[in-house]
1. So which of Val109, Val131 ends up being in contact with an Asp or Glu (Cβ under 8 Å, 6 or more places away or on another chain) and either of a type outside the set (Ser, Thr, Tyr) or farther than 19 Å from Pro179 by Cα (or both)?
2. Is there a residue in the stretch 89-109 that is acidic (Asp, Glu), buried (at least 17 other Cβ atoms within 10 Å of the Cβ), without any contact (Cβ under 8 Å) to a residue 40 or more places away in the chain and touching a strand residue (DSSP E or B) at 6+ places or on another chain (Cβ under 7 Å)?
3. Suppose we keep only residues that are in contact with a Lys or Arg (Cβ under 9 Å, 6 or more places away or on another chain) and assigned to a loop (DSSP other than H, G, I, E, B) within the stretch 124-145. Which one would you say is farthest from Gln90 (Cα to Cα)?
4. Please work out which residue is surrounded by the most Cβ atoms within 10 Å (Cβ to Cβ), limiting yourself to the stretch 135-152 and to residues that are within 10 Å of Thr119 (Cβ to Cβ) and not aliphatic (A, V, I, L, M).
5. Among the residues of the stretch 169-193, write down those that are more than 14 Å from Gln82 (Cα to Cα), more than 24 Å from the chain's Cα centre (by Cα) and surrounded by 14 or more Cβ atoms within 10 Å (Cβ to Cβ).
6. Which one is modelled with the highest pLDDT, of the residues in the stretch 183-206 that are assigned to a loop (DSSP other than H, G, I, E, B) and among the β-branched types (Val, Ile, Thr)?
7. State whether the residues of the stretch 25-40 include one that is part of a loop (DSSP other than H, G, I, E, B) and either touching a Pro at 6+ places or on another chain (Cβ under 7 Å) or at pLDDT below 85 (or both).
8. Just give me the residues in the stretch 160-182 being part of a loop (DSSP other than H, G, I, E, B) and either touching a Gly at 6+ places or on another chain (Cβ under 8 Å) or not aliphatic (A, V, I, L, M) (or both), in sequence order.
Amino acid sequence: MVYKLKPFRHLKKGFTLVELLVAISILAVIAVIGWRGLDGIVRARVAISADMEFTRRMQLTFAQLQRDCAQTASIDALSGRQALQATDGQLTLRRTVEVDNQPMWFEVVTYRIANGNLTRSESPPTRDMGVLDQMWNDALQNADHGAAVTLQSNMASMTMRVWQDDGWIPAMLTDLSGPMPSALEVEMKISGHQTAIVKALLMGTN
C-alpha cells in the first residue's frame, strides 16, 4: 500500500479589519499622549523662561532704584529744597550726577506706574537751581523732561513708606519737605500675584 504525502501548505493570515482599527486606535492614543507631554514640556519651559526674565528685570529695577536713592541729593546741597516726593504709584527725587573734575550736577528722576508699566525717566543734568525747580514741578505733574524707559510690565501698584522716628510711616502721609528720611521702603505688587515684592533702600548714602 502506497501513501502519498501531501505537500505542506503555509497558511497565510493577514490582519483583520477589527485588528487594524484597534492598532490604529492604540497608535492614536500614544500620539495624543506624546503630543500632550511635549506640549506640557514646552509650556513649562516658556513659563520658566518668563519667570527668569521677570526676576532678572526686577533685580535690575531694584539695583537702579537703590543707586538713585543712594545718590539722592541732601537738603544742604539743594539749598533747602525738597529732595524726595513719594505717592502711590510714583516716586520723584532729585539726585546728584557725578561728573569728573566738575562741580556737582543735579537731575530729577521719576519712577511711575501707568497702564500697568513701571517706567523710569530722568531729566537732563543741570547746576541751575531754577531749571531744576522747573523740572521738579513738571515731573510732579507727569510732564517729564526725559524719555521714559519701561522697567517692568504687568505691575499692579507701587506703595512706599519712609523710616522716621524709629518706625515705618506711609510716605504719602509724611511731610518730606524737611530732613530726608534715612530709608525708603518700596512695595511692588504684580498683576496676578498675591505676594508683593518689598525692599528697603538707604537714602543718600553716597
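The values are calculated or read from the model by the stated rules, or taken from the named source; none is laboratory data. Here the structure is a predicted model, which is why all the values come from computation and not from measurement. As a convention, Cβ positions derive from the backbone with ideal geometry for all residues, glycine included, and neighbour counts pool all protein chains shown.
1. It is Val109.
2. The answer is yes, given that some residue of the stretch 89-109 is acidic (Asp, Glu), buried (at least 17 other Cβ atoms within 10 Å of the Cβ), without any contact (Cβ under 8 Å) to a residue 40 or more places away in the chain and touching a strand residue (DSSP E or B) at 6+ places or on another chain (Cβ under 7 Å).
3. Asp144
4. Among residues in the stretch 135-152 that are within 10 Å of Thr119 (Cβ to Cβ) and not aliphatic (A, V, I, L, M), the one surrounded by the most Cβ atoms within 10 Å (Cβ to Cβ) is Asp144.
5. Answer for the stretch 169-193, where residues must be more than 14 Å from Gln82 (Cα to Cα), more than 24 Å from the chain's Cα centre (by Cα) and surrounded by 14 or more Cβ atoms within 10 Å (Cβ to Cβ): just Ile169.
6. The qualifying residue modelled with the highest pLDDT is Thr195.
7. There is no residue in the stretch 25-40 that is part of a loop (DSSP other than H, G, I, E, B) and either touching a Pro at 6+ places or on another chain (Cβ under 7 Å) or at pLDDT below 85 (or both).
8. Passing the criteria: Asp165, Asp166, Thr174, Asp175, Ser177, Gly178, Pro179, Met180, Pro181, Ser182.
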